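Remarks on the structure that follows.
The values are calculated or read from the model by the stated rules, or taken from the named source; none is laboratory data. What you are looking at is a predicted structure, and each value in this text was computed from that prediction instead of being measured. As a convention, Cβ positions derive from the backbone with ideal geometry for all residues, glycine included, and neighbour counts pool all protein chains shown.
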Amino acid sequence: MKAGHLFAVLFMVLIEGAWAGHADVEESVGQNAAVESEGAQPPPPVTVPAEGYEWLSYMLTAPGWRGGGQHLMERWPGWDERLPQSIADRTATSMTVLVLGDSDNLDFDGLEAFVRAGGTLVVATDSQPKIKMANTLSRLTGAMLTGERIRSIIPKSTLQNNPLLIQVEGKRGFPWFTPLPGVTGALVVNGPCRVNLGRDAPAIPVGWYKGEVELMPSGPRMEEAIFAAVCQLKPPEGFGRVALLADPNVLSNQMLTLGGNLAFACNLAEWITTDGLGNFAPARSQLLLAVNGEVVDKPFVPPLAMPEIPMPNFDKDDLFSFLYRLAEGAVQAGEGLIAQVDDSQIPDRAGMAILRLLWPRVILIALAVGVSFWLVVVLSRRTLNQSLSESKSLREPTR
């Protein structure tokens, strides 16, 4: 499991049991734990919006994403619609476009050609896209996001009998629904729409709403309404792939605390940044993330201590408050230990102790080297004198 995924799993699993989105949920902000150290002031809380996608953006850093959405927008190649579909483009095969929520303000020229050239496009919205985006998705996948809100009429298929919080059943073996250690429960959406597949559509459904659902406010009822569909293009149509999700809120901050939503988000984060394109780049190092028409230029980075996240219907002394105090105390303890090490000059003292320990050995080594050099000089001179004496005696004539 990637580092970012592991941190998110440890955090979200421990506070499992809350939800937000279209369901009637009140947001409440926990209070900072009292700081007992003398003169220390509590840091300002970092509030993560309930309906935001900050935690998802943090998960996307595990495969290597570091932001740069505006830079990608400025350099958006605008792929030519006439690009040969028998050749995959290396720029496209290393890039993913992830659109969450409303996409009306987004205008990607050549988005269809980008996908056909090998790009990955993921659209998660509970509203019907505008004509340009809808036509692009229809030509690529044969599917459309209807924008029709639905609700469940089967209580056992919901969470806590809330008709808007509907459980989703995933396609067996599809990587989005691979379980993660410590994460249990079904995927839960919040006031979604549905995906409608046309006749002979190349896209395949990979997620369905459990039980019978009803179109709101009083529309027809249906079973196995589609939550998600995926289309993998094949030559000569292209090389890329498109994923459609009928609810962006499934990836929002508070919805990640529900059931299997966290595992779903981790798997999706890995899926959109990796693929199998043979000789082409196996990892998509470039990601263009757009949320409700706004390009996200850099991911959310959590502080050292756990940030305050609005949690509905939780008392101050509940598990979340305990975990917050525990994490904050651990950080303060670490800071205190570092300060104590600095005040006690432990590194300097340790260095002096090591020097005192090695000092006699250094002197002995120096003496040994000096004595050896002196012996070499003396022996060399004696040998040289002896050789000169022998040579002189040989040159003298005998009488």
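What do you reckon, is S94 under 26 Å from the mean Cα position of the chain (by Cα) and closer than 22 Å to V250 by Cβ? Answer is no for this residue. Pairing each residue of the range 238-252 that is of a type in the set (V, I, T) with any residue that is part of a strand (DSSP E or B), provided the two are 6+ apart or on different chains, yields C-beta distances under 6 Å for V242/L121; V242/C231; V250/V189. When we screen S138, S218, S157 for residues that are within 28 Å of V97 (Cβ to Cβ) and of a type in the set (G, A, S), the only hit is S138. R66: in a helix (DSSP H, G or I) and touching a residue at least 24 places away in the same chain (Cβ under 8 Å), yes or no? It is false that R66 is in a helix (DSSP H, G or I) and touching a residue at least 24 places away in the same chain (Cβ under 8 Å). Taken as a whole, the structure places G101 among residues that are in contact with an Asp or Glu (Cβ under 9 Å, 6 or more places away or on another chain), modelled with pLDDT of 90 or more and on the phi > 0 side of the Ramachandran plot.
Considering the conditions (1) buried (at least 18 other Cβ atoms within 10 Å of the Cβ); (2) at pLDDT 90 or above, I204 is excluded by exactly one of them, (1). Hey, among the residues in the range 218-238 that are touching a strand residue (DSSP E or B) at 6+ places or on another chain (Cβ under 9 Å) and in a loop (DSSP other than H, G, I, E, B), which one's surrounded by the most Cβ atoms within 10 Å (Cβ to Cβ)? Here the residue is A225.
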